[in-house]
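Here is the structure we will look at, set down as structure tokens.
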Amino acid sequence: MIDHMFGKITLSIIKPDAVQKGYVSPILYKIVHAGFHIIAIKITELSKKSATKFYAEHKKKLFFESLVKFMSSGPIVSVILKKENAVKDFRILIGETNPVHAKKGTIRNLYATSLEKNAIHGSDSNQNAIKECLFYFSNREIFF
Ligand code: UDP
């Protein structure tokens, strides 16, 4: 079961913009180099329905429709990462949501295109991390 990993895992998605531009390899290199262990990985594509479900918390936001369209526009790479303080440390590694404000050397600073097409996702809480990991992966696909 995944529950015993609370606090030690986070869910990341390399978004369609970064996959399309060929950034999967440099992004994964940077993540592993920062001390995260890949315990599940897949290349997949979200339907509009799945993207709507995944971003349900933003349903009322003005950017929602465009975000759903973008996230279902091409392949993504979803990854479960293991590390102590995974959620917090990963948010630091990827940088601010808006790449204009992302610190130099962060993944969004290096690889994002825009506020919407910001290259990468990272869970925002330990609880959401578990939920999001189970959104993309079955227990059989996760290697602790
Ligand atoms: N987003 C957007 N416009 C905004 C804010 C966010 O298009 O004004 C997109 C962006 O791709 C972001 C995602 O919606 O990564 C989810 O937003 P959230 O505030 O949860 O940011 P995150 O947790 O991804 O940094």
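Only the coordinates and a few stated rules stand behind these numbers; no lab work does. Since the structure is predicted, the reported quantities are computational estimates derived from the model, not experimental observations. Cβ placement follows ideal geometry from the backbone for every residue including glycine, while neighbour counts extend to all protein chains displayed.
Report the far tail of the P(r) of the chain, meaning the percent of Cα-Cα pairs longer than 18 Å.
Every Cα pair in the chain considered, those over 18 Å come to 53 percent.
Can you compute the charge dipole magnitude of the chain about its Cα centre, using +1 on each Lys and Arg Cβ and -1 on each Asp and Glu Cβ, nothing else charged? Give it in debye, rounded to the nearest 20.
The dipole magnitude comes to about 180 debye.
For a quick protection proxy, order the peptides 33-43, 8-18, 123-133, 71-81 by their average other-Cβ count within 10 Å, most packed first.
8-18, 71-81, 123-133, 33-43
Between M1 and H101, what is the label-point separation in nm under the 7 Å Cα-to-beta-carbon projection?
The answer from the label model is 3.8 nm.
Please report how far the C-alpha centroid of segment 1-30 lies from that of segment 41-88, rounded to the nearest whole angstrom.
11 Å
Return the Rg/Rh value of segment 32-86, two decimal places, where both radii are evaluated on C-alpha atoms and Rh is the Kirkwood radius.
Here the Rg-to-Rh quotient is 1.09.
Can you flag which of K21/K69; K59/K131; K83/K103 are past 20 Å Cα-Cα?
K83/K103, as the Cα separations exceed 20 Å there.
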